[in-house]
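A short worksheet on the structure shown next.
The values are calculated or read from the model by the stated rules, or taken from the named source; none is laboratory data. Just so it is clear, the structure is predicted and the values come from calculations on it, not from any experiment. Please note: Cβ atoms are built from the backbone with ideal geometry, for glycine as well, and neighbour counts cover all protein chains shown.
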Amino acid sequence: MIFLDQVFLVGTSVVSAIAVRHLVKSNTSMDQRHPSEYFHGVAFGVLGIAALLLTFWGWGILGIMGEGTSNKLVAIVSSLIPFSWATGLISNYYPKYEKIFLGIMILGLVLITASRFMDAPLMARIVYPLFHTTAAVVVIATPIMVVKRRWMNLHFLAVSIGGALISAGGISMAFLSAGKQLLFLSQEFVLMILAPLLFSTGVLYYWGISRGRIQ
């Protein structure tokens, strides 16, 4: 890992901490806090902690193309972030579908976890793209629909861009941890862009949810 990667990762942790602080301060009362804020908080928290761990221990803790426990955890962590963000968006703007979508995302996380710890590569090749694509479509499409309906302003479209980045990164990491390569996204290429991708995702998502509200 080069020094610039560490700078991006530290920046990602800082942005995530700011985002969590913003969510915490948005309401002083637990009763007034919308459920979507918890989902966004989980995603930012996982993103910030993951970036911090990578800063100190490097890419080796990912265990990509290896057989250790860290290799198995990559798929879980890389899924938790987009799954949480997608559920948060559904919870906020389409609350009647919240429980159904949350169930789908939990099922996806369980199946992804099982595919790694059971060493079931065929299962992994099915569940990874299926559930990651579902989350990606929600994270990318929901802000566009929300802005079109004028529930949020144009700044909220940054969420779509950030969602596309983290979903692409998550799918790529999942394939690599399963010993496969998605298109041209080789291990070397993914590790080269991973740090700036995580930073860009955090900045774009935080910008969208903090600046997108119509005054």
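Worth a mention:
- Applying the criterion of being surrounded by 23 or more Cβ atoms within 10 Å (Cβ to Cβ) and either in contact with a Leu (Cβ under 8 Å, 6 or more places away or on another chain) or not in a helix (DSSP H, G or I) (or both) to the residues of the stretch 75-89, the residue that is modelled with the lowest pLDDT is Ser79.
- Residue that is modelled with pLDDT of 90 or more, in contact with a helix residue (DSSP H, G or I) (Cβ under 9 Å, 6 or more places away or on another chain) and surrounded by 23 or more Cβ atoms within 10 Å (Cβ to Cβ), where the choices are Leu54, Leu62, Leu9: Leu9
- Only residues that are among the hydrophobic types (A, V, I, L, M, F, W, C) and more than 21 Å from Ile209 (Cβ to Cβ) were counted in the stretch 118-142, giving 9.
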